[in-house]
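Visitor: First, the structure itself, so that you have it in front of you.
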Amino acid sequence: MLPQFTEFCDQRSRFPRQLKWPVQRHPKRRLDRGFTLVEMLLATVILVVGLVGVAQLIPISLQLNKANRSDSTELVFAQREVDEMLDQPITATTFTDSLGVLCPAASTCNLGNPATPRVIVGSPVVMSNNRPIIDFSAAKVANYNFTYTDPNDPFGLPYDVRWAVITYANAGVATGKRFIVGVRRNGGNAPLLPVTLDTMVEK
């Protein structure tokens, strides 16, 4: 029995006593870290600066929107006033409006003077960027201005309407006229300038 046991032991010694399986090693994971206090403060400062900048644009945007609305009203009424003047006979020196829209009711609006040809008659005019505009800083001239309030405007804003006329005449008879009409909301319409239309009609 002893020789057989010895042979069995010799056979076992040929095999490894322990099987070693390959071990899969994972790379070391980098520890995740949060924001530092300095980074949080810097991000907060940037956010606050951006919000302040946006907040400052809101009142400016509202002001421009209001000014554009008034500017549109000024332009529409100035065009209506010019059209009314162009519809008058070229020899007419005045016109009226029974409705009191384009000329105050029971009043007379002047259309220049053929006795003083090629002279600006009516509201003072100044040059701006090489074009004539009505000088709203000057005093009003009778029968060459009136105040208009749009009945459809829920705010009831009044508008200052002024104009000047240059008459071209031949032997004292008008042969052409140049109308310079300006409209501005009372109190101004900053940052926009008053609307001024400049047109001419000839016989």
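Visitor: As an exercise, identify the chymotrypsin sites (Phe, Trp or Tyr not before Pro) in segment 148-203 lying in DSSP coil whose Cβ has no more than 12 other Cβ atoms within 10 Å.
Guide: When the chymotrypsin sites (Phe, Trp or Tyr not before Pro) of segment 148-203 are filtered for loop state and at most 12 Cβ neighbours within 10 Å, PHE155 remain.
Visitor: Still on this structure: Can you give the Rg and Dmax of segment 89-150 based on its C-alpha atoms, in angstrom?
Guide: Every Cα atom of segment 89-150 included, Rg and Dmax give 13.2, 38 Å.
Visitor: What does the charge count around VAL121 come to, taking other residues whose C-beta lies under 12 Å from its C-beta (Lys +1, Arg +1, Asp -1, Glu -1)?
Guide: Taking every Cβ under 12 Å from that of VAL121, the sum is +3.
Visitor: Report D for segment 109-203 in µm² per second (integer): Stokes-Einstein, Kirkwood Rh on Cα pairs, 37 °C, 0.692 mPa s.
Guide: It diffuses with D of about 231 µm²/s by this estimate.
Values in this text are rule-based calculations from the coordinates and carry no lab data. It should be emphasised that the depicted structure is a prediction, and the values quoted were computed from it without experimental measurement. Cβ: placed from backbone, ideal geometry, glycine included. Neighbour counts: every protein chain shown.
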